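Notes follow the structure.
The values are calculated or read from the model by the stated rules, or taken from the named source; none is laboratory data. Remember, it's a predicted structure, so these values are computed and weren't measured experimentally. Areas reflect the complete protein model, heavy atoms only, side chains present, ligands, DNA and RNA absent. Shrake-Rupley method; radii C 1.70, N 1.55, O 1.52, S 1.80 Å.
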Amino acid sequence: KYTHYAPRGEMALVTGRDPALVRAAVQQAADAERARGRRVGILACAEHAGAYRADAVLSLGPRAEPELAARALYAALRECDERGIEFILAEGYPEDGIGAALMNRMRKAAGGRETAV
């Protein structure tokens with residue numbers, strides 16, 4: 001039930017009110033997984049994508065436009081599968097309006113693995 005939208009690689013969601021704290025937590029987790037020898041992908045808002053270091057960094061669109069992220073999510077997960085990504089970290093989005101549906105899909109893809117910062 002909870003992993004209906006899950007990619008082949010393990011996925012974790014990082015949420016929080018402060019985008020800078022979320023960004024720092026995502027990079028820290030990515031660095032730790034890469035140190036373990038895993039191929040890491042990051043799903044990020046457009047504003048943060050360029051700052052990340054990982055095997056794949058995919059922008060889901062501007063943070064203020066969750067409808068774009070909702071449309072891009074499944075393509076990004078498929079791309080991670082195609083690139084052989086073993087661990088995916090995703091930034092959470094605000095849960096206003098369509099953001100609630102987006103976060104529901106992201107939580108399902110992550111199988112309930114979520115860290116709040």
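Specify whether the C-alpha gyration tensor of the chain places it in the rounded, prolate or oblate class, a ≥ b ≥ c being the square roots of the eigenvalues: rounded for a/c under 1.5, otherwise prolate if a/b is larger than b/c and oblate if not. The shape class here is rounded.
For GLU114, the amide hydrogen comes within under 5 Å of the amide hydrogens of LEU13, counting only partners 5 or more places away or on other chains and with H modelled in the peptide plane.
Springs between Cα atoms under 10 Å define the GNM used for the chain, and in it the highest mean-square fluctuation of VAL14, VAL40, VAL26 occurs at VAL14.
Relative contact order for the chain: what percent, with Cα pairs under 8 Å and sequence separation of 6 or more?
Working: 230 pairs, mean separation 50.8, N = 117.
Answer for the chain is 43 percent.
Kindly write out, for the stretch 75-85 in residue order, the coupling ³J(HN,Hα) from the Karplus curve 6.51 cos²θ - 1.76 cosθ + 1.60 (θ = phi - 60°), rounded to whole Hz, with x marking Gly and Pro. Each residue's phi maps through the Karplus curve to give 5, 5, 5, 5, 5, 4, 4, 5, 8, x, 6 Hz. Helices in the chain, meaning DSSP H runs of at least 4 residues, each add -39500 (n - 2.57). Divided by all residues, the mean residue ellipticity at 222 nm is -13500 deg cm²/dmol. GLU33 exposes around 30 Å² of accessible area when a 1.4 Å probe is run over every protein chain in place. Listed values for the stretch 107-117 are Karplus-derived 3J(HN,Hα) couplings in whole Hz (6.51 cos²θ - 1.76 cosθ + 1.60, θ = phi - 60°), namely 5, 5, 5, 7, x, x, 7, 9, 10, 9, 10, and x replaces Gly and Pro.
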